[in-house]
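Undergrad: Sending over a structure as structure tokens; questions will come in a sec.
The values are calculated or read from the model by the stated rules, or taken from the named source; none is laboratory data. The structure presented is a predicted model; accordingly, all values stated were derived computationally and were not measured. Because the Cβ atoms are built from the backbone with ideal geometry, glycine has one as well, and the counts that use them run over all protein chains shown. The area values use the complete protein model at the heavy-atom level, side chains included, leaving out ligands, DNA and RNA. Shrake-Rupley method; radii C 1.70, N 1.55, O 1.52, S 1.80 Å.
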Amino acid sequence: MATVIPHAAAQNAPSVTVAATRDPVDKSYRKMLAGMDIFERHHALAPQATLRFQLLPRLPGTQLDGITLRVAGNSVSLPVAVAPDHTFTLERNAQAAREDAALIASRKTSTLTWRAQVRSPNVPAGMRRLGDLRLECLVGVEAGLLSNNAQMFAWLGELFTSPERVCLQADGNYLFFAERPVYAVTLRDGARHATLPFSALYAGGTQTPATLPYCDCQVLLDRSYYAPVWDRGWSDDTLLSFEDMDSPPGPDDTAIAADHGTTEQMRARLGPAKVVSFDSGYQMWRYTYPARRADAPPAEFTILFGPDGVARKARLQEPVKTP
């Protein structure tokens, strides 16, 4: 049976703490360069990897195709080429750095979120390497890419956000995004394998309609997850695989009884659940039960319901304490 990794931090923090620059979309060129520097300093996490930066949508209807970027200072304006996959690199320009230039996008404030993209060669399609994610976290925090808090709390972001605070501690809560809406994430490191718990998916399952606008997962909630970048018990070569919401049930999934197949039936049989709802109409339900070992996290029964209220797949996980 796969190990389920506990993620205590996600229970207490609804979103990542971030620092603000001139504006939630404009990014500090100096901080972006600092992110590039930390990539070089910690390149051993992913020795063969390259660094790019990535644009992602933050609001419904955000159109990334055709977006333009420029580095703008008092006397410099440098165009930045954006690839078809909405990634880009930055060149170093001493004058722009001296002028504390900004990286400006041709989109309205708060319509975008940003991430570092670190990719090692020879990683199987649809998987991610943990060392790459560790480096993405360090670069993303150092570069000030996260855009995730109300302006009135920006000073708190500056005070408490650092790569070490976010990436090297269990409660750092740095959000990653999968390529597609995710149902399950499994880690494999040699013979060891583990499944991320519900609390490591969907921004911890703690978002509400009131808090979601302050999370840069706003339209990517069903793709968001926390990876254990802080846990050195997993090597840098650990691979993460993703089971999509729209994929058929897999061998680790649990058969759903006929009289538990709808939201109404499930609620009538098992009572209220922890529910996370997505813009797509899908819902993830979670029930917890005491584990058989006192030192283990609770057992989890999770069910994915479609927009029609019919269960698509379910999984019962009996976790054990990780070393």
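Undergrad: Which of the numbered conditions does Leu146 fail, given that it passes all the others? Conditions: (1) in contact with a Gly (Cβ under 7 Å, 6 or more places away or on another chain); (2) at pLDDT below 95; (3) under 13 Å from Tyr29 (Cβ atoms).
TA: Condition not satisfied by Leu146: (3).
Undergrad: Mind telling me which of the residues Leu168, Leu196 ends up being open to solvent by less than 40 Å² (accessible area, probe 1.4 Å), modelled with pLDDT of 90 or more, over 12 Å from the mean Cα position of the chain (by Cα) and not hydroxyl-bearing (Ser, Thr, Tyr)?
TA: Going through Leu168, Leu196 in turn, the sole match is Leu196.
Undergrad: Among the numbered conditions (1) under 28 Å from Cys217 (Cβ atoms); (2) free of Cβ contacts under 8 Å to residues at least 40 places away in the same chain; (3) in a helix (DSSP H, G or I), tell me where Ala44 comes up short.
TA: Every listed condition holds for Ala44 apart from (1).
Undergrad: Output the number of the condition that Val139 fails; it satisfies all remaining conditions of (1) at pLDDT 95 or above; (2) farther than 20 Å from Gly233 by Cα; (3) outside any helix (DSSP H, G or I).
TA: That leaves (3) as the condition not met.
Undergrad: Is one or more of the residues making up the range 247-254 of a type in the set (Val, Ile, Thr), out of contact with any Lys or Arg (no Cβ under 6 Å at 6 or more places or on another chain) and not in a helix (DSSP H, G or I)? Write out each step before concluding.
TA: Of the range 247-254, the ones of a type in the set (Val, Ile, Thr) are 254.
After this cut, where a residue has to be out of contact with any Lys or Arg (no Cβ under 6 Å at 6 or more places or on another chain) as well, the list is none.
No: the range 247-254 contains no residue that is of a type in the set (Val, Ile, Thr), out of contact with any Lys or Arg (no Cβ under 6 Å at 6 or more places or on another chain) and not in a helix (DSSP H, G or I).
Undergrad: Could you tell me which of the residues Arg52, Arg30 is open to solvent by 10 Å² or more (accessible area, probe 1.4 Å), over 27 Å from Pro121 (Cβ atoms) and at pLDDT 85 or above?
TA: After ruling out the rest, the residue left standing is Arg30.
Undergrad: Separate question: In the range 175-227, what residues are of a type in the set (Asp, Glu) and within 17 Å of Lys313 (Cβ to Cβ)?
TA: Asp222
Undergrad: Another question, then. Residues of the range 94-110 being more than 21 Å from Ile67 (Cα to Cα) and buried (at least 16 other Cβ atoms within 10 Å of the Cβ), which ones?
TA: Matches in the range 94-110: Ala96, Ala97, Glu99.
Undergrad: A follow-up question, please. Looking at (1) over 24 Å from Arg312 (Cα atoms); (2) open to solvent by 70 Å² or more (accessible area, probe 1.4 Å); (3) in contact with a helix residue (DSSP H, G or I) (Cβ under 9 Å, 6 or more places away or on another chain), which is the one condition that is false for Arg269?
TA: Result: Arg269 passes all but (1).
Undergrad: Sticking with this structure for a sec: Out of the residues in the range 209-226 that are more than 17 Å from Val182 (Cβ to Cβ) and assigned to a helix (DSSP H, G or I), which is least open to solvent (accessible area, probe 1.4 Å)?
TA: Leu212
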